[in-house]
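> The structure follows.
The values are calculated or read from the model by the stated rules, or taken from the named source; none is laboratory data. Nothing here was measured: the structure is a model prediction, and the numbers come from that model. Glycine also receives a Cβ, built like all others from the backbone with ideal geometry; neighbour counts cover every protein chain displayed. Calculation scope for accessible area: heavy atoms of the full protein, side chains included, ligands and nucleic acids excluded. Shrake-Rupley method; radii C 1.70, N 1.55, O 1.52, S 1.80 Å.
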Amino acid sequence: MIVFPNAKINLGLNIISKRPDHYHNLETVFYPIAWQDALEIIEASDYQFTSSGLPIAGAPENNLCTKAYQLMVAKHHIAPVHIHLHKIIPMGAGLGGGSSDAAFTLTTLNSLFNLQLNTATLQAYASLLGADCAFFIENKPVLANGKGDEFSPIHIDLSAYTIVVVYPAIHVSTAEAFAGVQPSPARINKIALENLEFDNWQTALKNDFEQTVISKHPVIGNIKNALYQKGALYASMSGSGAAVFGIFEKEIDVADFSAYQTWQGKLIIDL
């Protein structure tokens, strides 16, 4: 069985307070995009994880796909499988690629072994693997709170627009991103988002990580400014960085970003 785990971008990211479990309460809009890995899972005589594409740091037993499989073994005693991940979404970019791989592993194992687990159960499992893993179970735009696993509906349709993502190959650790953040109250303007009031988005949305990350890696700020110069209706760093995205009315020439990894496309799902 082959599936294609996709990335996400964050429309706004507010850090509201620190939690006793060492996570933070946050407010953000997760939005899926069609930058995808490829994931194949087949039944096998013993468990194996292999990968190709972008090199993945760490031992296979620490990969989130393996952890997702181990969770399903513990809960449902499923048989061994061979998982192969072809990695395309850059890591440490704020695009949720690893979380998506884990979530798609859960949903694919659910289908492969006909476990008939419902969405709520799969989301609960996913939240054990990472703060934003649960989003990728339903994989549609949501307003996220808590540690990133409490969802409420939001109706944002960017399907008529082009999203450009530029990744400058800078790995930003979560600890580095949080180092300079001061928690603040929730402030996402849901009405401005849903009405696509792009003129208001720069004040309605803010990524609390940007100031700290850009101060350490000015190239990220340069990319954001360049996207605006090319006509972006809105541009921002995604998640904890270092990827930057811009929303455009049509496709653009990305030749100016040839030194970086880029993706250009539209929403992954039908709204």
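> What percent does the relative contact order of the chain come to when contacts are Cα pairs within less than 8 Å and at least six residues apart?
Here the relative contact order equals 24 percent.
> Pairs 67/140; 190/230; 8/67; 18/67; 67/190; 87/190: which are spaced more than 31 Å apart, C-alpha to C-alpha?
67/190; 87/190, as the Cα separations exceed 31 Å there.
> If the chain between residue 191 and residue 255 were fully stretched, how many nm would it gain, using 0.36 nm times the residue separation less the Cα-Cα distance?
Result: 19.6 nm gained on full extension.
> Compute, for the chain, the length of the dipole vector about the Cα centre, with Cβ point charges of +1 (Lys, Arg) and -1 (Asp, Glu) only. Units Debye, rounded to 20.
That gives the chain a dipole magnitude of about 420 debye.
> Taking Cα pairs under 8 Å and at least six residues apart, what relative contact order does region 184-271 come out at, in percent?
20 percent
> Tell me the net charge near residue 194. Cut-off is 15 Å between Cβ atoms, residue 194 excluded, with +1 for each Lys or Arg and -1 for each Asp or Glu.
Within the 15 Å Cβ shell, the charges total -1.
> Okay, next question. Evaluate region 44-112: find the radius of gyration of its Cα atoms, find its Kirkwood radius, and give the ratio Rg to Rh.
Rg divided by Rh gives 0.96.
> Another question, if that's okay. What nm distance separates the two modelled labels at residue 228 and residue 215, each placed 7 Å from Cα along Cα→Cβ?
For the pair residue 228/residue 215, the computed spacing is 1.9 nm.
> Follow-up question, since we're still on this one. Pick from 44, 169, 232: which residue has the top mean-square fluctuation in a GNM of the chain where Cα pairs under 10 Å get a spring?
For the chain, modelled as a Gaussian network with Cα springs under 10 Å, the answer is 44.
> Given the Cα-Cα distance of residue 128 and residue 46 and 0.36 nm per residue of separation, how much length would full extension add, in nm?
Here the segment from residue 128 to residue 46 would lengthen by 27.1 nm.
> Quick check: with the 1.4 Å probe, what order do 171, 217 take by accessible area, largest first?
171, 217
> Further question: Between residue 152 and residue 18, what is the label-to-label distance in nm when each label sits 7 Å out along the Cα-to-Cβ direction?
Rounded to a tenth, the inter-label distance reads 2.6 nm.
> Once you treat every alpha carbon in region 210-257 as an equal point and sum by Debye, what is log10 I(q)/I(0) at q = 0.16, 0.19, 0.20, 0.25 Å⁻¹?
These q points yield log10 I(q)/I(0) values of -0.41, -0.56, -0.62, -0.90.
> Okay, next question. Working from the pairwise distances between different alpha carbons, so that the mean of 1/r is found and then inverted, what is the chain's Kirkwood radius in Å?
19.0 Å
> Still on this structure, I have one more. Just to check I understand the Karplus step: with θ = phi - 60° and J = 6.51 cos²θ - 1.76 cosθ + 1.60, what whole-Hz values come out for region 179-193, glycine and proline as x?
4, x, 8, 9, x, 8, x, 4, 8, 5, 8, 4, 5, 4, 5
> Please give the length that would be gained between residue 115 and residue 174 if that part of the chain were fully extended, namely 0.36 nm times their separation in residues minus their C-alpha to C-alpha distance (nm, one decimal).
Computed gain between residue 115 and residue 174 is 17.8 nm.
> Further, regarding this structure: Taking amide H positions as placed 1.01 Å from N in the peptide plane, with prolines and chain starts having none, which residues 5 or more places from residue 169, or on another chain, fall under 5 Å of its amide H?
Hits under the 5 Å cutoff: 261.
> While we're on this one: Between residue 202 and residue 91, with labels modelled 7 Å along Cα→Cβ, what's the label distance in nm to one decimal, could you check?
Roughly 3.6 nm, to one decimal.
> Skipping prolines and chain starts, which residues have an amide H placed within reach, meaning under 5 Å, of the one on residue 47, given they are 5 or more residues away or on another chain?
Residues meeting the amide H criterion: 81.
> Next question, about the same structure. Hey, what do the phi angles of region 167-172 turn into as Karplus ³J(HN,Hα) couplings, whole Hz, using 6.51/-1.76/1.60 and θ = phi - 60°, x for Gly and Pro?
10, x, 6, 10, 8, 9
> Could you work out the relative contact order of region 52-163, using alpha carbon pairs under 8 angstrom and six or more residues apart, expressed as a whole percent?
That works out to 21 percent.
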